[in-house]
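**Q** Structure in structure tokens, see below.
The values are calculated or read from the model by the stated rules, or taken from the named source; none is laboratory data. Predicted model, so just to flag it, every value in this text is computed and none were measured. Cβ coordinates were reconstructed from backbone atoms using ideal geometry, including for glycine residues, and neighbour counts include every protein chain displayed.
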């Protein structure tokens with residue numbers, strides 16, 4: 001099974017225009033977890049084998065922010081697909097192969 005989770009999470013009670021310091025702590029935790037992920041300008045996409053794994057990373061992300069945040073914002077999207085794997089890469093490859101066909 002492939003569970004793609006796209007999410008953004010950051011504290012809303014910090015001064016300044018940037019949340020990068022807080023977000024970098026979450027990305028460090030995800031990186032150390034060994035889960036496949038892709039950082040984007042608007043959020044982070046991770047791929048796990050189970051929904052429980054994906055939701056556990058959401059909880060761990062919150063635990064990273066909780067000690068110094070009184071208010072945390074998060075948006076979450078899930079794509080759960082049985083019988084598939086490596087969707088984080090295969091979905092992009094599929095689109096890019098079709099673009100290549102159009103441009104030829």
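**Q** Among the residues of region 1-43, how many are over 15 Å from residue 66 (Cα atoms), in contact (Cβ under 8 Å) with a residue 12 or more places away in the chain and over 13 Å from the mean Cα position of the chain (by Cα)?
**A** Residues flagged as over 15 Å from residue 66 (Cα atoms), in contact (Cβ under 8 Å) with a residue 12 or more places away in the chain and over 13 Å from the mean Cα position of the chain (by Cα) within region 1-43 amount to 2.
**Q** Considering only region 41-52, state which residues are assigned to a loop (DSSP other than H, G, I, E, B) and more than 15 Å from residue 25 (Cα to Cα).
**A** Of everything in region 41-52, those that are assigned to a loop (DSSP other than H, G, I, E, B) and more than 15 Å from residue 25 (Cα to Cα) turn out to be 41, 42, 49, 50.
**Q** Of the conditions (1) closer than 14 Å to residue 24 by Cα; (2) part of a helix (DSSP H, G or I); (3) in contact with a helix residue (DSSP H, G or I) (Cβ under 8 Å, 6 or more places away or on another chain), residue 38 clears all except one; give me its number.
**A** The single condition residue 38 does not satisfy is (2).
**Q** Here's something else I'd like to know. Condition test on residue 73, is it at pLDDT 95 or above and in a helix (DSSP H, G or I)?
**A** It is false that residue 73 is at pLDDT 95 or above and in a helix (DSSP H, G or I).
**Q** Could you list, ordered by first residue, the pairs with Cβ atoms under 6 Å in which the first is in region 44-62 and surrounded by 13 or more Cβ atoms within 10 Å (Cβ to Cβ) and the second is assigned to a helix (DSSP H, G or I) and modelled with pLDDT under 95, at least 6 apart or interchain?
**A** Final answer for the pair search is 47/88.
**Q** Here is a further query. Among the listed residues 97, 75, which satisfies the condition of being loosely packed, with under 12 Cβ neighbours inside 10 Å and closer than 15 Å to residue 8 by Cα?
**A** Just one listed residue meets the conditions, 75.
**Q** Another question, if that's okay. Any residue at all in region 71-82 that is more than 15 Å from the chain's Cα centre (by Cα) and more than 19 Å from residue 3 (Cα to Cα)?
**A** Looking through region 71-82, at least one residue is more than 15 Å from the chain's Cα centre (by Cα) and more than 19 Å from residue 3 (Cα to Cα).
**Q** For region 1-12, which residues satisfy the criterion of being touching a helix residue (DSSP H, G or I) at 6+ places or on another chain (Cβ under 9 Å) and more than 30 Å from residue 83 (Cα to Cα)?
**A** Matches in region 1-12: 10, 11.
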